[in-house]
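The values are calculated or read from the model by the stated rules, or taken from the named source; none is laboratory data. Being a predicted model, the structure only gives us computed values, none of them experimental. Note that each Cβ is placed from the backbone with ideal geometry, even for glycine, and that neighbours are counted across all protein chains shown.
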Protein chains: 2
Amino acid sequence: MKIPPDHPRAEVLKIRERLVQGFEDGYVVPQGMIAQGRGEAFDYLIGEKTIPPVREAIKAAAAAFKLAEHPVISVNGNTAALCSEDLVELSEVTGAPLEVNLFHRTEDRVKKIAKVLKEAGADRVLGVDPEHLVRLPNLSSPRAVVDDRGIHRADVVLVPLEDGDRTNALKELGKTVVAIDLNPLSRTARSADITIVDNVVRCVRKITREYERMDQDRARYVLREYDNGRVLARVLDHIRERLRVLSDEAAGAT
Amino acid sequence: MKIPPDHPRAEVLKIRERLVQGFEDGYVVPQGMIAQGRGEAFDYLIGEKTIPPVREAIKAAAAAFKLAEHPVISVNGNTAALCSEDLVELSEVTGAPLEVNLFHRTEDRVKKIAKVLKEAGADRVLGVDPEHLVRLPNLSSPRAVVDDRGIHRADVVLVPLEDGDRTNALKELGKTVVAIDLNPLSRTARSADITIVDNVVRCVRKITREYERMDQDRARYVLREYDNGRVLARVLDHIRERLRVLSDEAAGAT
């Protein structure tokens, strides 16, 4: 479908088409399309931009990566379709490997997603080679299948667009979880150590930029000061205020 | 996928699986899956139930049907997948025909949706027979293709899960538009005459029940008193208050 550049929702429609393409290519699942829609709704509510409290969470994510010994970036079908170049750049700058980790796991999907990442410039993609796959002990879904060079030994894991069960399992294993989730009330958002309530197409490159300009001292300071509960509360305040403004606008327009 | 009955989101997952089934059967489009996700997010925000201001909108919808000379129920892929039995019942009780009207229109999809409606008990489905198809003059999308026994001559049109352009086109042609849209801020929600901010799986049968118990005098009174802008403002107030409660709960849980 061709989208006229002057369409009021052109940016949203372009992002959506990337996901539909990933779906037609066979690596985005129907449930991933539904998840995209949920994300769009929450993105609309936050105003489709990176809001001030979220900038704090992005800095904290960069700090966690800076201080990590084995940071890992988890990738699923939706993130591969939406922002593979940004993920590859974050991986290169931080040294954190990319690992394919799927709820609806099939070998075909894993291979296709690895291919998308390699086409976007990735040298190496974990989560593919059967010789290195092991299971997390405390998770029953196919998400438990992880790479022994990646999520299995990681101390910090970036989980964009993930499910709440996995976030809890990773935390139980002592790992720091950085989540990217547009729903500030989801189980993932509430249980992660650092929650970035933002669209992956906007925030991944921002984590990279913050990482580049941060040294270890600064990173320690940022993490010491960071309070994820306070950030989430401020995000909710922002949405409530925005609803008030939109409601007033709507009332004025009629 | 089998859903355990004790899963906290079992109801949402069951509804979602109906849509995935419609997708696998070839009449729900990828964009419809994304729309479902958007709806889920807004439904979560209103609390996944029919809230008091929306009951007013449902009564007004029943009243509009009661007083209409040619009411019509527009059906797309998502509504057919989600609530075909309820749509057939509403059609039978009110005498308003069902008409297939699609943004992503193909003959194959039209036929499959008509089949779903007939399997749910519909005697007759408009929008299928080429001999009766005409174009609305003021709409460029495939939505402009309508039935001359249906939307073309209708005075009241129920449009569940629709796009803003079509709502405006129908209004310009002097028709009363009753929209069902979970996003109270969408162009459809803001431009319809009566906006039901509710899930189609809950509200369609409620329109039927209200219609059954309403006479013409009562219908005239209901419509005279009805103020869609006020109802939408109350819906937004409800969401804001719910966000406050959820936010407090989240803060208390950590």
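Points to keep in mind about this one:
This table checks each residue for (1) at pLDDT 95 or above; (2) assigned to a strand (DSSP E or B); (3) within 20 Å of the chain's Cα centre (by Cα).
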| position | (1), (2), (3) |
| --- | --- |
| B:D86 | yes, no, yes |
| B:S91 | yes, no, yes |
| B:L102 | no, no, yes |
| B:V116 | yes, no, yes |
| B:G121 | yes, no, yes |
| B:V134 | no, yes, no |
| B:N138 | no, no, no |
| B:V157 | yes, yes, yes |
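- The range A:47-86, subset in contact with a Lys or Arg (Cβ under 7 Å, 6 or more places away or on another chain), under 14 Å from A:I196 (Cβ atoms) and not hydroxyl-bearing (S, T, Y), residue surrounded by the fewest Cβ atoms within 10 Å (Cβ to Cβ): A:P53
Listed here are the residues, each with its yes/no results for (1) of a type in the set (D, E, K, R); (2) within 14 Å of chain A (Cβ to nearest Cβ).
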residue: B:K175; (1), (2): yes, no
residue: B:I180; (1), (2): no, no
residue: B:P184; (1), (2): no, yes
residue: B:N199; (1), (2): no, yes
residue: B:R202; (1), (2): yes, no
residue: B:E210; (1), (2): yes, no
residue: B:L223; (1), (2): no, no
residue: B:D227; (1), (2): yes, yes
residue: B:D237; (1), (2): yes, yes
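- The combined condition, being in contact with a strand residue (DSSP E or B) (Cβ under 6 Å, 6 or more places away or on another chain), of a type outside the set (A, V, I, L, M) and touching a residue at least 40 places away in the same chain (Cβ under 8 Å), is fulfilled by B:G150.
Conditions tested, residue by residue: (1) more than 10 Å from chain B (Cβ to nearest Cβ); (2) farther than 29 Å from A:A114 by Cα; (3) modelled with pLDDT under 90; (4) assigned to a loop (DSSP other than H, G, I, E, B).
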{"site": "A:H7", "(1), (2), (3), (4)": "yes, yes, yes, yes"}
{"site": "A:L13", "(1), (2), (3), (4)": "no, no, yes, no"}
{"site": "A:L19", "(1), (2), (3), (4)": "no, no, no, no"}
{"site": "A:Q31", "(1), (2), (3), (4)": "no, no, yes, no"}
{"site": "A:Q36", "(1), (2), (3), (4)": "no, no, no, no"}
{"site": "A:D43", "(1), (2), (3), (4)": "no, no, no, no"}
{"site": "A:P53", "(1), (2), (3), (4)": "yes, yes, no, no"}
{"site": "A:E56", "(1), (2), (3), (4)": "yes, yes, no, no"}
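- Count of residues meeting criterion [touching a Leu at 6+ places or on another chain (Cβ under 8 Å), surrounded by fewer than 22 Cβ atoms within 10 Å (Cβ to Cβ) and not in a helix (DSSP H, G or I)] in the range A:161-184: 1
- Among the candidates A:V178, A:V157, A:V146, A:V128, the residue that is under 28 Å from A:K14 (Cα atoms) and among the β-branched types (V, I, T) is uniquely A:V178.
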